[in-house]
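Below: the structure, in structure tokens.
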Amino acid sequence: MRKKYEKSKSANMGKPLPSPQPGEIWELSRKIRYYGKFYPNEEHQLYSSEAQSFLQGKTPPRYVMIVTEPEAEIVSVMVLSVETNFISNVDVLMSADISGSAQDLLAETWHIQPMLVDNLLQPIGKRLSRDIYDNLLSLGDYFHGLVNQQSETNYLEQLGLSLGTNEVFKSSEIFLFHQREEAWSDILTIPVAAYYTYLKGVELTSQILTEQLQIEQELAEFELSQNRCCELQSRQF
């Protein structure tokens, strides 16, 4: 469920770390952080070639639009691309004028993923308006069959958004672009999977420690009971 789109609240004490808010555009870090550890060879095998190219600095910077406020360490994001030549009915051209970024961006309205907040590098440009935010999400919802009606093209253009005529399943070029973008999103999804694995490990460790303490307590109580029995028997004699 999406969090309510609200303006950021100012802090009263000190200067807090920026908390990503819905509608903001953030650049991604190329230095991935994890909860838990991967061995170097394991990390290399886990990531797609597209993801590895990004981590090695061989491809342009990547950006995302924040969809939900962070919950624990996780935030939902819409993937953005600088490859604006792949505009389609669900890959929306977003002009630099409305985003405040240095270049036009392609909003992949179909492509929303969870990611670790720690792997956001910095906010760029300006926060998108509520209308733009809502319509980008509605386009993705329509593509996935979650809503029955799509926003009118004329209205989207008034907001500074441009739709293409190519449809994903009718254009081999757009279809292949989506496949590459899904492969690239290992950058987002693998650290999240590692995070949940880490949480399960912490939970299991906590459970084992709790059971161990309970066993030790039961043994101590049993030993105390045995000592009392021995004392009573010795008194009888």
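Evaluated against (1) buried (at least 20 other Cβ atoms within 10 Å of the Cβ); (2) out of contact with any Phe, Trp or Tyr (no Cβ under 8 Å at 6 or more places or on another chain), Pro114 falls short on exactly one condition, (1).
Residue count for region 151-173 under the criterion of being more than 26 Å from Gly100 (Cα to Cα), touching a Ser or Thr at 6+ places or on another chain (Cβ under 8 Å) and in a helix (DSSP H, G or I): the result is 1. Entry remark, region 158-192: residues being of a type in the set (A, V, I, L, M, F, W, C), open to solvent by 30 Å² or more (accessible area, probe 1.4 Å) and modelled with pLDDT under 90 number 1 in total. Somewhere in region 77-90, is a residue within 15 Å of Leu121 (Cβ to Cβ) and either at pLDDT below 95 or in contact with a Phe, Trp or Tyr (Cβ under 7 Å, 6 or more places away or on another chain) (or both)? Checked against the condition, which is being within 15 Å of Leu121 (Cβ to Cβ) and either at pLDDT below 95 or in contact with a Phe, Trp or Tyr (Cβ under 7 Å, 6 or more places away or on another chain) (or both), region 77-90 yields at least one hit. Can you pull out the residues in region 119-151 that are open to solvent by less than 70 Å² (accessible area, probe 1.4 Å), farther than 23 Å from Thr189 by Cα and among the acidic types (Asp, Glu)? Once the filter is applied, which keeps residues that are open to solvent by less than 70 Å² (accessible area, probe 1.4 Å), farther than 23 Å from Thr189 by Cα and among the acidic types (Asp, Glu), region 119-151 yields only Asp134. Residues of region 50-72 that are surrounded by fewer than 16 Cβ atoms within 10 Å (Cβ to Cβ) and either over 23 Å from Leu128 (Cα atoms) or touching a helix residue (DSSP H, G or I) at 6+ places or on another chain (Cβ under 6 Å) (or both): Ser53, Gln56, Gly57, Lys58, Ala72.
Quick check: is even one residue across region 161-170 in contact (Cβ under 8 Å) with a residue 40 or more places away in the chain and at positive phi? Spell out the reasoning first.
First, pick out the residues of region 161-170 that are in contact (Cβ under 8 Å) with a residue 40 or more places away in the chain: 161-168.
Going one step further and asking which of them are at positive phi, we end up with none.
No, region 161-170 has no match at all.
Among the residues of region 84-110, those identified as among the β-branched types (Val, Ile, Thr) and open to solvent by less than 30 Å² (accessible area, probe 1.4 Å) are Val90, Val92, Thr109. Residues of region 114-133 that are under 20 Å from Pro60 (Cα atoms) and in a strand (DSSP E or B): Met115, Leu120, Leu121, Gln122, Pro123, Ile124.
Could you please give the count of residues in region 134-150 that are in contact with a strand residue (DSSP E or B) (Cβ under 9 Å, 6 or more places away or on another chain) and assigned to a loop (DSSP other than H, G, I, E, B)? Walk me through how you get there before you give the answer.
First pass over region 134-150, keeping only residues in contact with a strand residue (DSSP E or B) (Cβ under 9 Å, 6 or more places away or on another chain): 135-144.
Applying the additional criterion that residues be assigned to a loop (DSSP other than H, G, I, E, B) yields 144.
Residues meeting the conditions: 1.
When each of Ser99, Ser185 is tested for being over 20 Å from the mean Cα position of the chain (by Cα) and among the small types (Gly, Ala, Ser), the lone residue that passes is Ser99.
The values are calculated or read from the model by the stated rules, or taken from the named source; none is laboratory data. Keep in mind it's a predicted model, so treat the numbers as computed, not measured. As a convention, Cβ positions derive from the backbone with ideal geometry for all residues, glycine included, and neighbour counts pool all protein chains shown. SASA here: full protein model, heavy atoms, side chains in, ligands and nucleic acids out. Shrake-Rupley method; radii C 1.70, N 1.55, O 1.52, S 1.80 Å.
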